[in-house]
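The values are calculated or read from the model by the stated rules, or taken from the named source; none is laboratory data. None of these values were measured; they are calculated from a predicted model. Virtual Cβ from ideal backbone geometry, glycine too; neighbours counted across all protein chains shown. Note: accessible area is taken over every heavy atom of the protein model, side chains too, but ligands, DNA and RNA are not part of it. Shrake-Rupley method; radii C 1.70, N 1.55, O 1.52, S 1.80 Å.
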Amino acid sequence: MSARPYVRSEQEQRQVSIVPVEAVSGRPADTVEPVVGGPAPLAPRARLLPSLAAVYRAQLSRARVARIPLLFVATFQSVGIMVLMRGVVDGGDEARAVVAGSSVLVVAFVALNLLAQYFGQLRASGGLDHYATLPVPPAAVVLGAAGAYASFTVPGTAVTAVTGSVLFDLPLTHLWVLVAVIPLSGAALAGLGAALGLLAPRQELATLLGQLGMSAALLLGVLPADRLPEPVVYARDLLPSTYGVEALARTFDAHPDWAAVGLDLAVCAAVGVVSLAVATRAYRRAAVR
């Protein structure tokens, strides 16, 4: 004799159906996971400072591997210019201008020239698409790369400044001002280089603009201002590296005018803020195309 299947009564079904979900899951109802197949929540966007630190470390590691020979070239170039100028410059304001201009030229070579080439190549090869897929703010990408390239110039700039001071018998007392000159002039020149590389429509044009910027820093920074024609002096005032050169050159005096030094560094900082903001905006436009 076969057993009859058990069928729940209507009252039992009602009792089962009214059991609250939190009694089954052990969690409040508002914490129950959504139904599978619904839209998954997006991950929170990375914050600026941790993203900036990560990009800075990655770019600095890359620069150490790929850019050390170029840093040696930049330092050797600046030292060679000072040795060449030693034969025609005895001392005084001309010697201060030569040493200060050659020191800041190392920053211009790396932060302006190489960074313009890097962003130009990154844009032409589609490398910006990689950064666009990461949950990293655009400002972190630009500031991290600019900071890494500017930091990479510290050894070459310090070696050039010390060598030039010894070569031209200038005091070494106030060379600690390089602690402010390198990052501020580096920010201004790196921001300019990044903006040129991101705004240039072609990679070749970005390379050309970077080379022209470095050449301008060489000709207008190393040569004393009083030896230049008046129109060229106005062009010199428009170059961000000029104010880093002036700040460093003033510190070779026995009693430097620190107010003027601070004003020159403030101009470098202001140019750095503006140029990095322009580069960040250019990065946003280039990454979404």
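Structure notes:
- Scaled radius of gyration (Cα, divided by 2.2 N^0.38 Å) that segment 88-138 gives: 1.90
- Each peptide among 216-224, 204-212, 167-175 gets the average number of other Cβ atoms lying within 10 Å of its residues, and from highest to lowest they stand as 216-224, 204-212, 167-175.
- Added length on full extension, which subtracts the Cα-Cα distance from 0.36 nm per residue, Asp226 to Asp257: 9.3 nm
- Here segment 201-252 and segment 94-120 have alpha carbon centers that stand 9 Å from each other.
- Its Cα gyration tensor gives segment 80-236 an equivalent ellipsoid; the semi-axes, largest first and in whole Å, are 32, 18, 11.
- Label-zone membership for segment 149-189, site Val83, 7 angstrom Cα→C-beta point, backbone N under 12 Å: none
- Here the relative contact order of segment 133-277, from alpha carbon pairs under 8 Å that lie six or more residues apart, stands at 33 percent.
- Distance between the pseudo-spin-label points of Asp169 and Asp237 (7 Å out from Cα toward the beta carbon): 3.5 nm.
- With all protein chains in place and a 1.4 Å probe, the accessible surface of segment 135-208 carries 76 percent carbon and sulfur.
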